[in-house]
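Participant: Before we start, here is the structure in question, set down as structure tokens.
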There are 2 protein chains.
Amino acid sequence: MKSSNLYKGSLTTIILKLLNEHDKMYGYEIAQKVKELTKGELKITEGALYPSLHKLEAEGFLDVEVLKVDNRMRKYYKLTEEGTRETVKKLSELEQYITTMRALVNPKFRIG
Amino acid sequence: MKSSNLYKGSLTTIILKLLNEHDKMYGYEIAQKVKELTKGELKITEGALYPSLHKLEAEGFLDVEVLKVDNRMRKYYKLTEEGTRETVKKLSELEQYITTMRALVNPKFRIG
DNA sequence: TCTTATGCATAATAATCTTATGTATGTATT
DNA sequence: AATACATACATAAGATTATTATGCATAAGA
């Protein structure tokens, strides 16, 4: 989604957390939200976003509802109960990742 | 390298930073160091480590010196000048990544 | 002797993302 | 009227990165 490939593997976490905060969102909206919240720093591409949403749905983490608004289709996604649990898990993995990377990269954050 | 796939894309950053701190290291040593510094949280696999070192060398970021110690081969890697510049770049990308992810995931860290 | 540790390497496969392309509607600009 | 841009979905080809499995070789410990 960006020049830096550190974002690889983060998309699922981002999607789940946004849905956790906003209850119900559609794909295009998620992409706009990410751009807005990161001040344009991170732009998620459609080629990554839509397959990722489909996968989360297939895994039972999202429910879908298709609506037509202004004569345009929108697929609204919302977290299932299992999706909420997965969100919690992903967020703690992110915290763990940051802790671990700080320990590796910043001597003053070394563990123990 | 771990269950959480957030680490995907981080290996280069880790290698460069460790070499920046330790001047000269060989592959196996890097793997051990990572395990030690993260208290076993992160284990980098050989199948990821060695190709990554070869790539960094091919890109001109690392110089190699082969030594035989205790009748065992060791390939010592050290940063080139370009490699040092790349390290600085990768570390700032990591800080940017953390800032961006916090903005997305933690409302109280929102940018602006 | 067999396992574990040290030390390198690569091939097959999987996961994730980029780039490119396609469809369709609505709005703004020239 | 024509062109560009925004909205909204989708997928296929290719690249990147990592996992898993395997291989070679030496040394130490049970």
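Residue by residue, here is whether (1) within 14 Å of DNA strand D (Cβ to nearest atom); (2) out of contact with any Lys or Arg (no Cβ under 7 Å at 6 or more places or on another chain); (3) open to solvent by 20 Å² or more (accessible area, probe 1.4 Å) holds:
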{"residue": "B:39", "(1), (2), (3)": "no, yes, yes"}
{"residue": "B:43", "(1), (2), (3)": "yes, no, yes"}
{"residue": "B:47", "(1), (2), (3)": "yes, yes, yes"}
{"residue": "B:55", "(1), (2), (3)": "yes, yes, yes"}
{"residue": "B:80", "(1), (2), (3)": "no, yes, yes"}
{"residue": "B:87", "(1), (2), (3)": "no, no, no"}
{"residue": "B:91", "(1), (2), (3)": "no, no, yes"}
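Participant: If a residue must be over 30 Å from residue B:38 (Cβ atoms) and out of contact with any helix residue (DSSP H, G or I) (no Cβ under 8 Å at 6 or more places or on another chain), how many such residues does the stretch A:50-96 contain?
Facilitator: Count: 16.
Participant: Which of the residues belonging to the stretch A:1-37 are away from DNA strand D (no atom under 12 Å from the Cβ) and surrounded by fewer than 17 Cβ atoms within 10 Å (Cβ to Cβ)?
Facilitator: Those that are away from DNA strand D (no atom under 12 Å from the Cβ) and surrounded by fewer than 17 Cβ atoms within 10 Å (Cβ to Cβ): A:21, A:22, A:23.
Participant: Could you count how many residues in the stretch A:1-53 are within 21 Å of residue A:65 (Cα to Cα) and among the charged types (D, E, K, R)?
Facilitator: Counting residues in the stretch A:1-53 that are within 21 Å of residue A:65 (Cα to Cα) and among the charged types (D, E, K, R) gives 7.
Participant: Filtering the stretch A:1-56 down to residues that are among the small types (Gly, Ala, Ser) and over 12 Å from the mean Cα position of the chain (by Cα), which residue is farthest from residue B:90 (Cα to Cα)?
Facilitator: Looking at residues that are among the small types (Gly, Ala, Ser) and over 12 Å from the mean Cα position of the chain (by Cα), I get A:47.
Participant: Got a number for residues in the stretch A:67-112 being over 24 Å from residue A:9 (Cβ atoms) and among the aromatic types (Phe, Trp, Tyr)?
Facilitator: 1
Participant: May I ask you to list pairs of residues, at least six apart or on different chains, whose Cβ atoms are under 9 Å apart, with the first in the stretch A:72-91 being free of Cβ contacts under 8 Å to residues at least 12 places away in the same chain and the second being open to solvent by 30 Å² or more (accessible area, probe 1.4 Å) and in a helix (DSSP H, G or I)?
Facilitator: Within 9 Å, the pairs are A:88/A:20.
Participant: All but one of (1) within 13 Å of chain B (Cβ to nearest Cβ); (2) under 15 Å from residue A:82 (Cα atoms) hold for residue A:61, so report the exception by its number.
Facilitator: Only one criterion in (1) within 13 Å of chain B (Cβ to nearest Cβ); (2) under 15 Å from residue A:82 (Cα atoms) is unmet by residue A:61, namely (1).
Participant: Among the numbered criteria (1) surrounded by fewer than 16 Cβ atoms within 10 Å (Cβ to Cβ); (2) within 14 Å of DNA strand C (Cβ to nearest atom); (3) of a type in the set (A, V, I, L, M), which single criterion is violated by residue A:64?
Facilitator: Among (1) surrounded by fewer than 16 Cβ atoms within 10 Å (Cβ to Cβ); (2) within 14 Å of DNA strand C (Cβ to nearest atom); (3) of a type in the set (A, V, I, L, M), residue A:64 violates only (2).
Participant: Hey, another quick one. For the stretch B:1-42, which residues satisfy the criterion of being part of a loop (DSSP other than H, G, I, E, B) and away from chain A (no Cβ under 11 Å)?
Facilitator: B:23, B:24
Participant: OK, next. Hey, can you tell me all the residues within the stretch A:67-78 that are of a type in the set (D, E, K, R), part of a strand (DSSP E or B) and either loosely packed, with under 12 Cβ neighbours inside 10 Å or on the phi > 0 side of the Ramachandran plot (or both)?
Facilitator: Passing the criteria: A:68, A:72.
The values are calculated or read from the model by the stated rules, or taken from the named source; none is laboratory data. This is a predicted model, so every value here is computed, not measured. Quick reminder, even Gly has a Cβ in these numbers, built from the backbone with ideal geometry, and neighbours come from all protein chains shown. Ligands, DNA and RNA are stripped out before the accessible areas are found, and what is left, the full protein with its side chains, is counted by its heavy atoms. Shrake-Rupley method; radii C 1.70, N 1.55, O 1.52, S 1.80 Å.
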